[in-house]
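Please treat every number below as a calculation from the coordinates, not as lab data. Just so you know, these numbers come straight off a predicted model, no measurement behind them. Here the Cβ is made from the backbone with ideal geometry for all residues, glycine too, and neighbour counts use every protein chain on show.
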Amino acid sequence: MSEKYRGSCLCGGVKYSVDSFSDQAANCHCTMCRKFHGAAFATLVSVSGLHWLSGTAILKHYTASNGTVRTFCNGCGTSLGFRVKGAALEGIELAIATFDDDIPVQVDAQIYTNYKANWCQLQRSLPAFGEGRETGRTL
């Protein structure tokens, strides 16, 4: 039986568990992620076996002009994750900062670095991609 990893929003109204994680987790520097998370970048990871334990009624979704969807708690505003255009809620990439305990995830890349904030320094130890992972390295 696999271990369950739990996460929640700041107010505790939204709770979830997952069974496992993708082996890829990236710091995304795109303008939308920066604004949505109110930070230099968003760190997101794809998951398997997502189960919403509570709070689905207070989830809100913002669909950007490019069709991507950001999901957040309507109660406290916690940025929970990102979905590509057309993906179901179960296909969300979760913000790793919303997990309640340590998780077995290592950030392996920096993406959309062409849009990084001028005051943010990239991590030299991580591959950096100007756009998505499919583009060439910038460092």
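Things worth noting here:
- Couplings 3J(HN,Hα) for segment 43-54, derived from phi with the Karplus relation 6.51 cos²θ - 1.76 cosθ + 1.60 (θ = phi - 60°), are 10, 10, 9, 6, 10, 10, x, 6, 10, 7, 8, 6 Hz, where x marks Gly and Pro.
- Cα shape, segment 20-80, gyration tensor, a/c 1.5 rule: oblate
- For I111, distant residues with modelled amide H under 5 Å away: N27, C28, H29, F129
- Inter-probe distance in nm under a simple model that places probes 7 Å from Cα toward Cβ, at N118 and S65: 2.2 nm
- For segment 83-137, the equivalent ellipsoid derived from the alpha-carbon gyration tensor has semi-axes of 23, 17, 11 Å in decreasing order.
- At R0 = 22 Å, FRET efficiency that the Cβ-Cβ distance of S125 and D102 yields, to 0.05: 0.65
- Relative contact order of segment 5-115, taken over Cα pairs closer than 8 Å and 6 or more residues apart, is 35 percent.
- Ellipsoid semi-axes for the chain, based on the Cα gyration tensor and the rule √(5λ), read 25, 17, 14 Å when sorted largest first.
- In the chain, helical runs assigned H by DSSP with n ≥ 4 each contribute -39500 (n - 2.57); averaged across all residues and rounded to the nearest 500, the mean residue ellipticity at 222 nm is -1500 deg cm²/dmol.
- Computed from point charges on the beta carbon alone (+1 for Lys and Arg, -1 for Asp and Glu), the dipole magnitude for segment 5-115 about its Cα centre is near 560 Debye.
- Separation between Cα centres of segment 88-117 and segment 1-36, rounded to whole Å: 6 Å
- Set K35/K85; K15/K116; K35/K60; K35/K116 screened for pairs whose C-alpha atoms are more than 23 Å apart: K15/K116
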